[in-house]
Every structure is written in C-alpha cells, then in structure tokens.
1. If you average the sequence gap of Cα pairs under 8 Å that are 6 or more apart and divide by the length of the range 55-149, what percent do you get for the contact order?
2. Dipole magnitude of the chain about its Cα centre, charges +1 at Lys/Arg Cβ and -1 at Asp/Glu Cβ only, in debye to the nearest 20?
3. By how many degrees, between 0 and 90 and to the nearest 10, does the Cα long axis of helix 42-53 differ from the longest principal axis of the chain?
4. Place the peptides 131-144, 114-127 in order of packing, highest mean first, counting for every residue the other Cβ atoms within 10 Å and averaging per peptide.
5. Mind checking the angle between helix 2-14 and the chain's longest principal axis? C-alpha axes, 0 to 90 degrees, to the nearest 10.
6. With the dipole of the chain worked out from charges on the C-beta (+1 for Lys and Arg, -1 for Asp and Glu) around the Cα centre, which of 14, 132, 89 lies farthest toward the positive end?
7. Pairing the Cα long axis of helix 125-165 with the longest principal axis of the chain, what angle in degrees results, from 0 to 90 and rounded to the nearest 10?
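Laboratory data are not the source of any read-out in this text; all were calculated from the coordinates shown. If you're wondering where the values come from, they're calculated on a predicted model, not measured in any experiment. We place every Cβ from the backbone using ideal geometry, glycine too, and count neighbours over all the protein chains shown.
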Amino acid sequence: MPIRLVKYHYLRFLRLPGDPKSIALGVAIGIFIGVLPVFPVQTILIFGFCLHFKASKVAGILSSLIISNPFTFFFQYYLSWLVGNMILPDLLSWHRLQEVMAVRSSASGFDAFKSSLCAISALGFDAIMVMLVGGTLLALPFTALGYYYSLKFFTKLRDKKSKKLEQPGRTHESK
C-alpha cells in the first residue's frame, strides 16, 4: 500500500500544471515552510506565500507533505532546536520541546491543531524564536536546492513533452 501511495504522488507531481518556474517556486515554498517548525499553520502559510509569489499551490503542498510528515517532524523539531540553541543559547530546554512534540503526536484532526497551537504558545516568545531561527537556517539550503533541481527537472520534462508533440505526423489533437 505505501508503494502505491508514493507512486500516486509521484505521478501527480509529474503532471502538475503551470510553467516550470511557478512549479519550482511552489516546491521551494513548500520545502521552506515544511522544514520550519510551524506544523499547525503550514498549509495556511504555503497558500499565502504561493498566492503572493504566484507559485504553484499544489507543488507547495505536495513538497511540504514529502518534507514534513509524521516520520520526519520529530527530527525537524530536534534539529531546529539544536541549531536555534546554538545561535540563541539557553532560551529553550529540551524538556519543554519534548512536551510540545508529545502533544502534537497524541491528538488528531482539529484537536491536534488546537492542542499544537496551545502547546507552542505556552513555550513563550523566546522559545519560539529559537525554533524559528533554527528552522530557517535549516530550511534555506534545502529550499535553494529544491528550487534549483525542481526547475531543472520540470524544464526538462516540459521540453521533452513539447518535442514529443512536435514530432512529424503528431498534432495536439492526437494526444
């Protein structure tokens, strides 16, 4: 079942509408927001940034789901805390961060959203800054690489499709 799901999302990713730059920008936004420890509001942020920058919203959501999912968010929160604590030391203890992750993994649906927001807000401004600074520093290289490689990939894919359509004896109507 998981292999089928991966294949489905891969094929959906290949068939994204739009120009390669818009898709690549959507991928970059999805990766950036996906790496940031802002789980309860990721989708809202992705839609907002994609609308503002005229990027592919579907590419943003799909890339965010690949980056930030139940298998990866513990590592992301830990690495964000670790990097943020190096830049802004002693503002957030590991114990306080574990409490937030426990709340996040114990609830589901709207309760998860509500309880995550409450747990994160209980950390306080200094602790949230540690996580955001750490997450941003982690996200930047992945965002740049994601944009570059997805632009390259989708440009080649579009070129390949257009060459296929330009073959003699083949028209747009005969697809």
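1. Details: 64 pairs, mean separation 36.6, N = 95.
39 percent.
2. Values: 19 positive and 8 negative charges, 249 e Å.
Here the size comes out at about 1200 debye.
3. 50
4. Values: 131-144: 18.6, 114-127: 14.7.
Final packing ranking: 131-144, 114-127.
5. 60
6. My answer, from the dipole projection, is 14.
7. 10
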